[in-house]
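Please read the structure below before turning to the comments.
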Amino acid sequence: MQLDPIWAGRSQSCSDDGRSATSAIRTFRTKTFYLKLNICAVLVLVGLASTGCSFGGGQPTPTVTPFATWTVTPDTGGAPAQPAANAPAAPQSQDNNSLAVAAQPPAPPTPTSLPPTNTPIPTDTPIPSPTPLPTETPTVTPPPTATPTPDFAFELEAAEKFPTDSLAANVVRVYLYVYSTTEFGLPGYTLAVTHNGAPQNVDVTSQAGLPEQTRAEPGPYTRFTNMNMIFVEPQAGSWEIQLIDVNGQIMGPAARFDLSADENTREIYVRYRRK
């Protein structure tokens, strides 16, 4: 049975349109698949970046160049749809290369070599010398100068005091015997007497010739004498007696006696010998 040419033409046109639609649908599905794959890869990388993970060990995450997108244009001219000329030939391979580049760790930094510094050789710290202590210059103390002894004409040969019962209290008797080895008693001498520094009145002088005795009978207190005197006053204190001539010239060293208020030894005796 032959069909009407009009219907035959329409049948042939419908058949061509079916094939074109099928080809367009197949092309659309292929592009959609690759688009989803790219979106998944981008989401994976964004998720890794948000969780702080990176392939560089703390280095900045490398950026991924987004793939070119395209819009499916249906073929209205009856020819099967062709892929765009600028579409990537192998998007899967490009994505894998990007991941491989991102996975490579960055090269470690090249250490910068510094010129060696010369360490100074330690030197010995000098030990401070001790400060010498100031030396004290010894002061030489001159030896005491001996007071020259006056060269008297007479030597004090005896200075004694004896107890007495013949004198009342506060009565002091003084005996003198002045002589030389060639003569007995020497005339013309007297005594300077002070009591507690106060001069006492003496109005007698020594007699020449044979001396008298301090006691009438021999005994332990009997001595030769050629002059004596009595002082009536409180006996306590210091008594100083010294030989002088009638002109008051000192002729011999002084003798000192200390008496107490109730002392019984109130007889004082001095003897001078010419040198």
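Using a Förster distance of 35 Å, how high is the FRET efficiency between PHE224 and ASN201, based on the Cβ-Cβ distance and rounded to 0.05? Before the final figure, lay out the partial values.
On the way: r = 25 Å, r/R0 = 0.72.
Calculated value: 0.90.
As a test of reading the structure, rank LEU133, LEU243 by solvent-accessible area (1.4 Å probe, protein chains only), most first.
The ordering from most to least exposed comes out as LEU133, LEU243.
Given a Förster distance of 25 Å, report the FRET efficiency between ASP165 and ARG256 from their Cβ-Cβ distance, rounded to the nearest 0.05. Intermediate values should be presented prior to the final figure.
Working: r = 25 Å, r/R0 = 0.99.
Calculated transfer efficiency: 0.50.
Amide H to amide H, which residues 5 or more places from VAL193 or on other chains are under 5 Å from it, using H placed in the peptide plane?
Counting only residues 5 or more places away or on other chains, the set is GLN200.
Determine the shape class of the stretch 184-275: with a ≥ b ≥ c the square roots of the Cα gyration tensor eigenvalues, call it rounded for a/c under 1.5, and otherwise prolate if a/b is greater than b/c, oblate otherwise. Intermediate values should be presented prior to the final figure.
Values: a/c = 1.97, a/b = 1.16, b/c = 1.70.
It comes out oblate by the Cα gyration axes.
Using the Karplus equation 6.51 cos²θ - 1.76 cosθ + 1.60 (θ = phi - 60°), what ³J(HN,Hα) coupling, rounded to whole Hz, does each residue of the stretch 199-210 give in order, writing x for Gly and Pro?
x, 10, 7, 10, 10, 10, 10, 6, 10, 8, x, 5
What part of the accessible area of the stretch 212-275, given as a whole %, is carbon or sulfur when the probe is 1.4 angstrom?
Numbers: 1710 of 3420 Å².
C and S fraction of accessible area: 50 percent.
I'd like the Karplus ³J(HN,Hα) series for the stretch 158-167: coefficients 6.51, -1.76, 1.60, θ = phi - 60°, whole numbers in Hz, and an x wherever there's a Gly or Pro.
Along the stretch 158-167, the couplings run 8, 8, 9, 9, 10, x, 9, 10, 8, 10 Hz.
Taking amide H positions as placed 1.01 Å from N in the peptide plane, with prolines and chain starts having none, which residues 5 or more places from ARG223, or on another chain, fall under 5 Å of its amide H?
So ARG223 has HN proximity to THR214, ARG215.
Just the accessible area for GLU217, please: 1.4 Å probe, Å², rounded to the nearest 10?
110
The values are calculated or read from the model by the stated rules, or taken from the named source; none is laboratory data. None of the values given here were measured: they were computed from a predicted structure. Quick reminder, even Gly has a Cβ in these numbers, built from the backbone with ideal geometry, and neighbours come from all protein chains shown. For the accessible areas, the whole protein counts, side chains as well, though only heavy atoms, and no ligand, DNA or RNA atoms are used. Shrake-Rupley method; radii C 1.70, N 1.55, O 1.52, S 1.80 Å.
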